[in-house]
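> I have a structure I would like to understand better, so I am pasting it below and will then ask my questions one at a time.
The values are calculated or read from the model by the stated rules, or taken from the named source; none is laboratory data. This structure is a prediction, so every number in the text was calculated from the model and none was measured. Reconstructed Cβ throughout: ideal geometry from the backbone, glycine too, with neighbour counts over all protein chains shown.
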Amino acid sequence: MAYIDNGVEEQSALKDRYLTFPLNEDMFAIDIKYVVEIISVQPMTKVPNAPDFLEGVINLRGKPVPVVNVRKKFGLERAEYTLKTSIIILDYNDMSVGLVVDAVNDVVKVNEEQMTVYKDTDGNKYIKSITKINEGVILFIDCEKLLSV
Amino acid sequence: MGLENRDPIMDTFIFETNQLLEQLEDIMLQVEQAGDISEEHINEIFRAMHTIKGSAAMMEFDNISTVAHRIEDLFFKIRENNSVGDAFSRVCDIVFEGTDFIKSQMAKIESGEAADESADSLVAKISELLGEMNGAPVEASKETIKDENEDTGFSGIKVLVRFEPDCKMENVRAFSLINELSKHCQNIDSKPRELFEDPTSSDVIAKDGLELYIQTELSRDKLEKILLKQMCVESVSIQSMEAGEKNAPSQNKNDTSAQGKQSSAPAKTVVSKQSLINVNVDKLDALLDFVGEIVIAQSMVIQNPELKGLNLPNFYKSAEQLEKLTKELQDVAMAIRMIPIASAFHKMNRIVRDMSKTLNKDVELVIKGEETEVDKTIIDSLSDPLMHLVRNCMDHGVETPEERVKSGKPSKAKVMLRAYNNGNNVIVTVSDDGKGLDRDKILRKAIEKNLLPSDAQNIPDQKIYECILLPGFSTKEQVTEFSGRGVGMDVVKQNIESIGGSISINSKPGEGTVFTIKIPLTLAIIDGMNIAVGGMSFFIPVASVQEAFRCKTEDIARDPYGKEMISLRGRYYDVIRLHRKLGINTEIENLEDGILLVVENNENTVCLFIDEILGEQQVVIKPLPKYLQSLLGAKSGISGCTILGDGTIGFIINTNEL
């Protein structure tokens with residue numbers, strides 16, 4: 001996790017590195033250049049009139065940050081919070097957004113060439129590419145699509 | 001602290017130059033109004049251009065420095081002739097053109113673009129004018145400057161630097177020396193002035209030494225040290241000059257023993273400085289953020305659940321004292337951000353001037369209440385709306401002088417800007433004494449564009465007038481350079497609403513139009529009423545709640561469509577159930593069981609139904625996170641959020657958006 005805490009690392013050190021997290025049987029990955037930090041679950045304020053996948057808003061050192069439940073966003077059932085449940089804080093396009101995930105796994109290094117571009121099928125629209133590492137499949141999340149309204 | 005990573009020197013350059021440009025424009029407008037340039041004004045313009053030239057050259061913006069240089073030349077000539085003669089209006093136009101050019105370049109620099117637009121045509125224009133005034137080739141001006149730089153009304157220090165004999169390239173040595181010196185001193189002038197353009201400069205320096213006229217706060221010893229450290233410098237002699245002493249250099253030329261005077265001269269410049277400092281707005285924002293955090297932390301302590309039920313009279317006494325102090329701290333932090341609205345008003349002078357000329361209208365801009373203070377961020381977002389409104393007045397409101405005389409009005413029209421405080425709001429009005437709005441024409445157009453229903457004949461005039469603030473509305477048949485495209489006025493409404501303000505229009509045919517803008521004094525901290533709905537708590541600005549009451553069954557009326565109304569002192573008000581609007585389930589469904597708040601809702605007064613009132617406290621408004629804003633859309637009723645005593649987030653309700 002050393003890479004994650006060190007937000008001021010050179011861009012090159014972050015290149016091609018992805019934070020992985022499990023969701024059901026699958027392993028997902030998110031570009032580490034968008035990841036600011038990983039925190040444990042915090043008290044949240046529910047937002048009236050907001051879509052179902054918006055878990056709430058947390059206070060991150062004085063800054064309100066909306067939090068998205070990734071399970072709900074992918075159309076899955078909400079899971080009980082456990083000790084492993086984490087919030088990944090992203091900074092994407094000047095927007096701070098938290099993602100509630102069941103756990104975080106590891107940081108992997110994958111080159112663009114190793115990935116296969118994923119086609120929009122079956123409404124699975126937040127995945128941009130796929131690759132295989134050590135017999136496991138990793139699905140790469142397209143942040144832009146995940147956070148577009 | 002969120003400050004941009006721009007070079008601080010660049011920041012200062014941008015700030016100073018912009019300030020000088022504003023000053024210049026003000027002077028020029030005064031000059032133009034007076035119809036003549038006084039000697040004082042000439043000097044001020046000369047000085048401003050000189051500073052711009054110098055700092056632009058230092059920052060290597062050659063185009064800016066060239067323009068400033070030529071205008072400086074021009075004013076040098078004017079000063080020499082002691083009059084502008086018949087070229088007055090051309091001089092004014094050229095200075096305006098010059099400031100516009102520099103402004104446009106500055107805007108580019110500020111946004112990080114390359115400011116490399118060519119100034120050739122402008123420079124040619126100035127040179128031509130200069131040539132005419134000289135009655136001689138333009139080149140002459142350079143000569144005069146070289147001979148006359150003693151006459152700059154200069155106060156400061158004169159330094160004579162001699163380079164080692166045979167050091168060669170004296171002009172280059174002089175240049176690097178001046179460059180080094182410019183890091184420590186302001187307003188450096190040298191003799192000879194043109195180091196590179198003038199082929200004889202090296203010889204002159206070798207023979208007579210390099211004369212420098214500088215203003216600095218450095219001590220004499222330090223200055224000497226800096227100068228002696230430079231390459232090939234053989235000797236340095238420093239003399240001070242009395243402030244305002246006109247022919248100082250020539251008087252002091254051989255006075256090398258005037259050492260006793262030095263220490264007093266630099267001190268003088270320090271004293272004459274105002275006790276004002278320029279602070280980056282980001283720092284003020286940070287300060288206010290911190291004060292906000294303190295307010296939050298304070299309520300975390302005082303309303304700590306662990307204190308519940310304890311008998312702590314001394315604690316609460318101290319807490320009260322702390323609350324008082326933080327309130328004062330907050331007021332001060334707020335007051336620092338308040339600046340007079342004058343800066344926004346004065347920008348309009350220029351627009352009125354330019355448009356008067358182009359549209360052939362004779363208009364005077366009257367400004368009242370320019371000392372009214374408003375939060376800096378509000379002023380920034382007020383500039384654009386003001387500009388559009390003034391343009392609208394000039395273009396659509398005010399008639400031509402002939403028309404005005406025909407209808408029995410003075411031929412000179414008035415556009416008035418006015419600002420004053422009204423409770424927690426600032427009212428800004430933009431008015432003209434022109435022909436007023438054409439109600440029927442606007443109505444026709446509004447119906448044509450489907451902005452109003454076709455049977456809208458009987459709606460109040462104000463509503464009709466407000467149509468001109470809707471997107472895509474323009475009654476002007478012809479699109480002009482300034483307005484009529486139908487964009488602009490809708491931006492006005494948007495901008496004003498984005499800072500929590502409102503705008504209304506009043507007009508009388510033949511007498512004029514008044515735009516009234518109401519804006520909050522400050523945006524950052526408000527008194528909030530803490531209310532509960534279905535187990536969630538929200539804040540409503542206390543200022544927007546007129547009263548709160550419980551209703552009786554007999555006061556409730558329902559129409560067949562399910563609309564609920566409540567009678568209060570003989571009047572019926574629509575009921576808005578907050579829990580339904582926000583999609584929250586609550587146990588309190590009966591109107592009799594909850595509380596009703598009388599609030600404004602899109603210009604109607606309505607009763608807002610809530611579960612209960614929890615209390616009142618100061619809340620620090622934070623804008624909604626971007627992502628949340630786009631998820632919720634514009635009319636969610638939630639306009640901002642705040643951090644509560646227990647560290648969680650609370651939402652602020654805007655009753656106008658329900």
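> I'm trying to understand the selection: among the residues of the stretch B:293-317, which are outside any helix (DSSP H, G or I) and of a type in the set (D, E, K, R)?
Result: B:K308, single match.
> Same structure, new question: Of the residues B:V575, B:V542, B:V533, which single one is in the same structural domain as B:C641 (by TED's automatic domain parsing) and either under 13 Å from B:F651 (Cβ atoms) or of a type in the set (F, W, Y) (or both)?
B:V533
> Of all the strands (runs of 3 or more DSSP E) wholly in the stretch A:4-95, which have at least 3 residues that are under 16 Å from the mean Cα position of the chain (by Cα) and among the aliphatic types (A, V, I, L, M)?
The qualifying strands (runs of 3 or more DSSP E) are A:26-31, A:35-40, A:63-69, A:86-92.
> Any chance the stretch B:419-432 includes a residue that's closer than 21 Å to B:V390 by Cβ, in a loop (DSSP other than H, G, I, E, B) and modelled with pLDDT of 75 or more?
no
> Of everything in the stretch A:47-59, what is within 7 Å of chain B (Cβ to nearest Cβ) and surrounded by fewer than 18 Cβ atoms within 10 Å (Cβ to Cβ)? Give them in sequence order.
If the condition is that a residue be within 7 Å of chain B (Cβ to nearest Cβ) and surrounded by fewer than 18 Cβ atoms within 10 Å (Cβ to Cβ), then A:N49, A:P51 are the ones that fit.
> For the stretch B:617-639: of the residues being facing chain A (nearest Cβ under 9 Å) and in a strand (DSSP E or B), which is farthest from B:N601 (Cα to Cα)?
Applying the filter and picking the extreme gives B:K622.
> So in the stretch B:640-650, with the set limited to residues that are in a strand (DSSP E or B) and in contact (Cβ under 8 Å) with a residue 24 or more places away in the chain, which one is farthest from B:K463 (Cα to Cα)?
This residue is B:I643.
> Consider the stretch B:394-410. How many of its residues are assigned to a helix (DSSP H, G or I), more than 32 Å from the chain's Cα centre (by Cα) and under 20 Å from B:V430 (Cβ atoms)?
Matching residues across the stretch B:394-410 total 1.
> Are there helices (runs of 4 or more DSSP H) fully within the stretch B:1-118 with at least 2 residues that are within 21 Å of the chain's Cα centre (by Cα)? List them.
Correct list: B:8-34, B:39-58, B:88-110.
> So B:C607 fits all but one of (1) in a strand (DSSP E or B); (2) closer than 30 Å to B:E328 by Cβ; what number is the exception?
Checking B:C607 against (1) in a strand (DSSP E or B); (2) closer than 30 Å to B:E328 by Cβ, the one that fails is (2).
> Any idea which of B:N81, B:N43 is surrounded by fewer than 13 Cβ atoms within 10 Å (Cβ to Cβ), touching a residue at least 24 places away in the same chain (Cβ under 8 Å), polar (S, T, N, Q) and farther than 17 Å from B:V123 by Cα?
When all the criteria are applied, what remains is B:N81.
> Please determine, by comparing only the residues of the stretch B:640-653 that are more than 7 Å from chain A (Cβ to nearest Cβ) and surrounded by fewer than 20 Cβ atoms within 10 Å (Cβ to Cβ), which one is nearest to B:S544 (Cα to Cα).
B:G645
> For the subset of the stretch B:277-301 comprising residues that are touching a residue at least 24 places away in the same chain (Cβ under 8 Å) and small (G, A, S), which member is nearest to B:T377 (Cα to Cα)?
B:A286
> Look through B:I378, B:I367 and report the one residue that is within 30 Å of B:V95 (Cβ to Cβ) and either in the same structural domain as B:K508 (by TED's automatic domain parsing) or hydroxyl-bearing (S, T, Y) (or both).
The match here is B:I367.
> If you don't mind, another one. In the stretch B:340-375, what residues are of a type in the set (D, E, K, R) and closer than 15 Å to B:N421 by Cα?
B:K368, B:E370, B:E371, B:E373, B:D375
Residues checked against (1) within 14 Å of chain B (Cβ to nearest Cβ); (2) touching a Leu at 6+ places or on another chain (Cβ under 8 Å):
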position: A:Y92; (1), (2): yes, yes
position: A:G98; (1), (2): yes, yes
position: A:D102; (1), (2): no, yes
position: A:V108; (1), (2): no, no
position: A:N111; (1), (2): no, no
position: A:V117; (1), (2): no, no
position: A:Y126; (1), (2): no, yes
position: A:I130; (1), (2): no, yes
position: A:S148; (1), (2): yes, no
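> Right, another one. Could you please find all residues in the stretch A:60-79 being more than 13 Å from chain B (Cβ to nearest Cβ) and modelled with pLDDT under 90?
Correct list: A:F74, A:G75, A:L76, A:E77, A:R78, A:A79.
> Right, here's the next one. Take the stretch B:349-392 and flag every residue that is in a helix (DSSP H, G or I), more than 26 Å from B:E497 (Cα to Cα) and of a type in the set (D, E).
Selection gives B:D354 alone.
> May I ask you to verify whether A:V35 is surrounded by 14 or more Cβ atoms within 10 Å (Cβ to Cβ) and either at pLDDT below 90 or within 14 Å of chain B (Cβ to nearest Cβ) (or both)?
Against the criterion (surrounded by 14 or more Cβ atoms within 10 Å (Cβ to Cβ) and either at pLDDT below 90 or within 14 Å of chain B (Cβ to nearest Cβ) (or both)), A:V35 does not qualify.
> Anything in the stretch B:200-218 that is part of a loop (DSSP other than H, G, I, E, B) and modelled with pLDDT under 70? List them, or say none.
Residues satisfying the conditions are B:E217, B:L218.
> Out of contact with any helix residue (DSSP H, G or I) (no Cβ under 9 Å at 6 or more places or on another chain), surrounded by 14 or more Cβ atoms within 10 Å (Cβ to Cβ) and under 18 Å from B:F651 (Cα atoms): which single residue out of B:I584, B:I613, B:I621 fits that description?
Selected residue: B:I613, the only one of B:I584, B:I613, B:I621 that is out of contact with any helix residue (DSSP H, G or I) (no Cβ under 9 Å at 6 or more places or on another chain), surrounded by 14 or more Cβ atoms within 10 Å (Cβ to Cβ) and under 18 Å from B:F651 (Cα atoms).
> Given the criterion at pLDDT below 75, surrounded by 12 or more Cβ atoms within 10 Å (Cβ to Cβ), in contact with a strand residue (DSSP E or B) (Cβ under 6 Å, 6 or more places away or on another chain) and away from chain A (no Cβ under 14 Å), identify the matching residue among B:Q230, B:Q262.
Answer to the selection: B:Q262.
> Quick one: which residue in B:D559, B:D593, B:D611 is over 46 Å from the mean Cα position of the chain (by Cα) and modelled with pLDDT of 90 or more?
Selected residue: B:D593, the only one of B:D559, B:D593, B:D611 that is over 46 Å from the mean Cα position of the chain (by Cα) and modelled with pLDDT of 90 or more.
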